[in-house]
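Inspection log for the structure reproduced underneath, given as structure tokens.
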Amino acid sequence: EAGVTQSPTHLIKTRGQQATLRCSPISGHTSVYWYQQALGLGLQFLLWYDEGEERNRGNFPPRFSGRQFPNYSSELNVNALELEDSALYLCASSHGPGAGTDTQYFGPGTRLTVL
Amino acid sequence: AQSVAQPEDQVNVAEGNPLTVKCTYSVSGNPYLFWYVQYPNRGLQFLLKYITGDNLVKGSYGFEAEFNKSQTSFHLKKPSALVSDSALYFCAVRGGGYQKVTFGTGTKLQVIP
């Protein structure tokens, strides 16, 4: 069974640009989560999508946004990039919370560098 | 608000000795508790979880964790540490419904040969 995949592996942008990160969940999973892992700051929750809807959002500004497509894949968009947005962005997927088996499985991440 | 505390930034243990990585939590209602491991420059790998039932949960790679409701703890343990266990370990908790998962800050485990 294929795991969670993310693209691109690395992304280099300059301040003020926009970045788009993509995630494909494990087949059968309806939930997708996005996390930011900046150096020394642990995992910070960004967004949670389930069945195409945004279910929860972390304490990030509105320039962090995303969406989930009908095939349950997801995009994370970061507008007006700032230097402090440089981090590893991790995507995870799971069954929906009602399933009782909503263990999150993580992808390898996208390393975003803002210059 | 729910929270997770991993009080030790780093734990050092000699190879072959038992290891413990500590985690305490705060959440409304019944907790869902998880442990993950992260190797350098890689995503997180699921180790084990507690949902309900037996307080001692067994997981991957010989790891286990003990749920203690009165102490609101979920410590990760292994009877005999391997050098290959050296990695960053994260504890996580969530409540029911669409409550988000909250991760601890991580504990770096160093197993010394």
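For segment A:11-104, give the magnitude of the charge dipole about the Cα centre (Cβ charges: +1 Lys/Arg, -1 Asp/Glu; no others), in debye to the nearest 20.
240
Exposed loop sites here are GluC sites (Glu not before Pro) in DSSP loop states with at most 16 other C-beta atoms within 10 Å. What is the longest stretch of chain A lacking them?
Details: sites that count: A:Glu1, A:Glu51, A:Glu82.
Answer from the scan: A:2-50.
Can you grab the distance from the C-alpha centre of segment A:1-24 to the C-alpha centre of segment A:55-71, Å, no decimals?
14
How much net charge surrounds B:Tyr36 when only the other residues with a Cβ under 12 Å from the Cβ of B:Tyr36 are counted, with Lys and Arg +1 and Asp and Glu -1?
Details: positive: B:Arg42, B:Lys49; negative: none.
Combined, the nearby Lys, Arg, Asp and Glu give +2.
Pick from A:Ser93, A:Ser27, A:Ser73: which residue has the top mean-square fluctuation in a GNM of chain A where Cα pairs under 10 Å get a spring?
Per the Cα network of chain A with a 10 Å cutoff, A:Ser27 tops the list.
What trypsin sites (Lys or Arg not before Pro) does segment B:52-113 have in DSSP loop regions with at most 16 other beta carbons within 10 Å?
On the way: sites: B:Lys58, B:Lys69, B:Lys77, B:Arg94, B:Lys100, B:Lys108; in loops: B:Lys69, B:Lys100.
Hits after loop and neighbour filter: B:Lys69.
Relative contact order of chain B: what whole-number percent is it, with Cα pairs under 8 angstrom and at least 6 residues apart? Present the calculation step by step, with values, prior to reporting the outcome.
Working: 285 pairs, mean separation 42.6, N = 113.
The value is 38 percent.
Among B:Ala87, B:Tyr36, B:Gln99, which residue has its Cα furthest toward the positive end of the charge dipole of segment B:27-113, with +1 on Lys/Arg Cβ and -1 on Asp/Glu Cβ?
Positive-most Cα among the choices belongs to B:Gln99.
Go ahead and run the numbers for FRET between A:Phe69 and B:Glu64, Cβ-Cβ distance against an R0 of 25 Å, rounding to 0.05.
Details: r = 39 Å, r/R0 = 1.54.
About 0.05, to the nearest 0.05.
Let's test the formula: R0 of 45 Å, r as the Cβ-Cβ distance of B:Ile51 and A:Gln18. What FRET efficiency results, to the nearest 0.05? Walk me through the numbers on the way to the answer.
Numbers: r = 39 Å, r/R0 = 0.88.
Working from the Cβ atoms, E equals 0.70.
In debye, nearest 20, what is the charge dipole magnitude of the protein assembly as shown about its Cα centre with +1 on Lys and Arg Cβ and -1 on Asp and Glu Cβ, if you could check?
Numbers: 18 positive and 17 negative charges, 42 e Å.
Dipole size: approximately 200 debye.
Whole Å is fine, so just give me how far the alpha carbon centre of segment B:1-41 lies from that of segment B:87-113.
About 5 Å separates the Cα centre of segment B:1-41 from the one of segment B:87-113.
Let me check against my output: what whole-number percent is the relative contact order of chain A, with C-alpha pairs under 8 Å and at least 6 apart? Please list the in-between numbers first.
Values: 299 pairs, mean separation 41.2, N = 115.
Relative contact order of chain A: 36 percent.
Most mobile of B:Gly62, B:Gly96, B:Gly53 per a Gaussian network model of chain B (Cα springs, under 10 Å)?
Ranking B:Gly62, B:Gly96, B:Gly53 by mean-square fluctuation puts B:Gly53 first.
Return the average number of partner chain Cβ atoms within 10 angstrom of each residue Cβ along peptide A:34-41.
Working: counts 0, 4, 0, 6, 0, 0, 2, 2.
Mean partner-chain Cβ count within 10 Å for A:34-41: 2.
Each value in this text was obtained by applying a stated rule to the coordinates, not by laboratory testing. Please read these numbers as outputs of a predicted model, since none were measured by experiment. Reconstructed Cβ throughout: ideal geometry from the backbone, glycine too, with neighbour counts over all protein chains shown.
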